[in-house]
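The values are calculated or read from the model by the stated rules, or taken from the named source; none is laboratory data. Bear in mind the structure is a predicted one, so any value in this text is a computation, not a measurement. Here the Cβ positions follow ideal geometry from the backbone for every residue, glycine too, while neighbour counts run over all protein chains shown.
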């Protein structure tokens, strides 16, 4: 490990890995540190991603694709199923990834591009002077080393601490953390090519329960509920266990994963002097779906590109790095987060009766484009009254 | 004070993200509780597994 790099990246998930690869390809010296001993584990993810979204960053590879999705099913609180299918030949839609292999591949590519990578290495404090971040103190097996960098990219996930130490408040409001548990289950009867989403205040209050296929008879079976609905006797695990006992009583759980997913608005500002935040650490998870892989890769890449441009100009001040903050907010991803945040805020306030009515309005949708935006547009067509209830949001959807 | 039931904790970091004091940190596979913990219990509420417990000392 050198004592100085152009860019230091904290966190070896998709945001950090893509940032490292991008920066290294631009000829910058890059150091990526991951506190865990292995990249990609524990998974803490339902592993779904759209095919077109994925293709922006990497060619699909069977080594890290668990299952190919051609449709989705939304189950209303009363059990009614709304089926979503794609009419497109070749079935775009999505994949369920094998994140343990996928994350490793991304870091591997970053290493091949020239980035230095260190695992079981934790950034334990930022190096600060004159109010700006100048690197980090790194701890590795009892050793402590200071590493200076022109820019630090904090891609340290939902449990992000680095930017908090540097003075940015990253606290997620209790009602906007999805308290989540997931079982990887084997030997269960499922539709192997469709994701299933269960809605309802009894099933998953202010969240949803999912069954994402991982094979012909295997799936990620998980749940996220609002932090404010969580408590003794009614935690995410309690809800999931009840569902599994009823739905997959003979299934075998081969992995138990827990996690928190932020569904708040992104941080007010994702840069500081010498510091950039990307991925879950920047709170850029899609607030409606809880999906974060694409948004992490998107912000990771953009952060590295902006950092490279700023380093070339010799100015890595907050003012210069703001170009990154502005760019992701103005992007399709940034606008989608804001729109989906408003839709989420509407949906979590609805009673089960109302959710039933919305889902019943469309029993079968043939979506030309498989996205939450298209889905919401179709739902609005079938429920003209929603236009009034959604108010200003509806206008942005037309 | 905050009691971490290590046999229940899944080391996921959900609690870290909601701590208003920044008192929690997920260090590899264990949760560290800083001295600035106020025992507010927000973390205990959101924990997916119920691994955290605020204990009021007498």
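Per-structure values
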| read-out | value |
| --- | --- |
| Wholly enclosed helices (runs of 4 or more DSSP H) of region A:322-396 bearing at least 1 residues at pLDDT 90 or above, surrounded by fewer than 16 Cβ atoms within 10 Å (Cβ to Cβ) and not assigned by TED's automatic domain parsing to the domain that holds residue A:79 | A:332-347, A:352-360 |
| Flag for residue B:42 being surrounded by 12 or more Cβ atoms within 10 Å (Cβ to Cβ), within 13 Å of chain A (Cβ to nearest Cβ) and touching a strand residue (DSSP E or B) at 6+ places or on another chain (Cβ under 9 Å) | no |
| From A:144, A:152, A:181, residue being in a strand (DSSP E or B), more than 10 Å from chain B (Cβ to nearest Cβ) and buried (at least 23 other Cβ atoms within 10 Å of the Cβ) | A:152 |
| Restricting region A:155-168 to residues that are more than 10 Å from every other protein chain (Cβ to nearest Cβ) and in a loop (DSSP other than H, G, I, E, B), the residue that is surrounded by the most Cβ atoms within 10 Å (Cβ to Cβ) | A:155 |
| Residue A:228 more than 14 Å from chain B (Cβ to nearest Cβ) and either surrounded by 20 or more Cβ atoms within 10 Å (Cβ to Cβ) or modelled with pLDDT of 95 or more (or both) | no |
| Residue within region B:21-36 that is touching a helix residue (DSSP H, G or I) at 6+ places or on another chain (Cβ under 8 Å), at the interface with another protein chain (Cβ under 7 Å from one of its Cβ atoms) and part of a loop (DSSP other than H, G, I, E, B) present | yes |
| Residue list for region A:192-225, filter: in a loop (DSSP other than H, G, I, E, B) and either within 14 Å of chain B (Cβ to nearest Cβ) or within 17 Å of residue A:359 (Cβ to Cβ) (or both) | A:199, A:200, A:201, A:202, A:203, A:204, A:205, A:206, A:207 |
| Test: residue in region B:3-18 that is part of a strand (DSSP E or B), under 8 Å from the mean Cα position of the chain (by Cα) and facing chain A (nearest Cβ under 10 Å) | no |
| Meets criteria (within 14 Å of chain B (Cβ to nearest Cβ), under 17 Å from residue A:46 (Cα atoms), modelled with pLDDT of 95 or more and not in a helix (DSSP H, G or I)) for residue A:254 | no |
| Boolean, residue A:218 is buried (at least 19 other Cβ atoms within 10 Å of the Cβ) and out of contact with any helix residue (DSSP H, G or I) (no Cβ under 8 Å at 6 or more places or on another chain) | yes |
| Some residue of region A:28-35 being away from chain B (no Cβ under 14 Å), at pLDDT below 95, surrounded by fewer than 23 Cβ atoms within 10 Å (Cβ to Cβ) and more than 16 Å from the chain's Cα centre (by Cα) | no |
| Residue in region A:169-178 that is farthest from the other protein chains (Cβ to nearest Cβ), counting only those that are touching a strand residue (DSSP E or B) at 6+ places or on another chain (Cβ under 6 Å) and not in a strand (DSSP E or B) | A:175 |
| Only one of A:50, A:71, A:114 that is surrounded by fewer than 22 Cβ atoms within 10 Å (Cβ to Cβ), on the phi > 0 side of the Ramachandran plot and either away from every other protein chain (no Cβ under 14 Å) or out of contact with any strand residue (DSSP E or B) (no Cβ under 6 Å at 6 or more places or on another chain) (or both) | A:114 |
| Hey, residue A:33 touching a strand residue (DSSP E or B) at 6+ places or on another chain (Cβ under 8 Å), touching a residue at least 40 places away in the same chain (Cβ under 8 Å) and within 20 Å of residue A:280 (Cα to Cα) or not | yes |
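Listed here are the residues, each with its yes/no results for (1) outside any strand (DSSP E or B); (2) under 30 Å from residue A:268 (Cα atoms); (3) modelled with pLDDT of 95 or more.
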position	(1), (2), (3)
A:100	yes, no, yes
A:106	yes, yes, yes
A:110	yes, yes, yes
A:128	no, yes, yes
A:138	no, yes, yes
A:148	no, yes, yes
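Per-residue answers, yes or no, for (1) loosely packed, with under 13 Cβ neighbours inside 10 Å; (2) free of Cβ contacts under 8 Å to residues at least 40 places away in the same chain; (3) more than 20 Å from residue A:234 (Cα to Cα):
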site	(1), (2), (3)
B:5	yes, no, no
B:20	no, yes, yes
B:32	yes, yes, yes
B:52	no, no, no
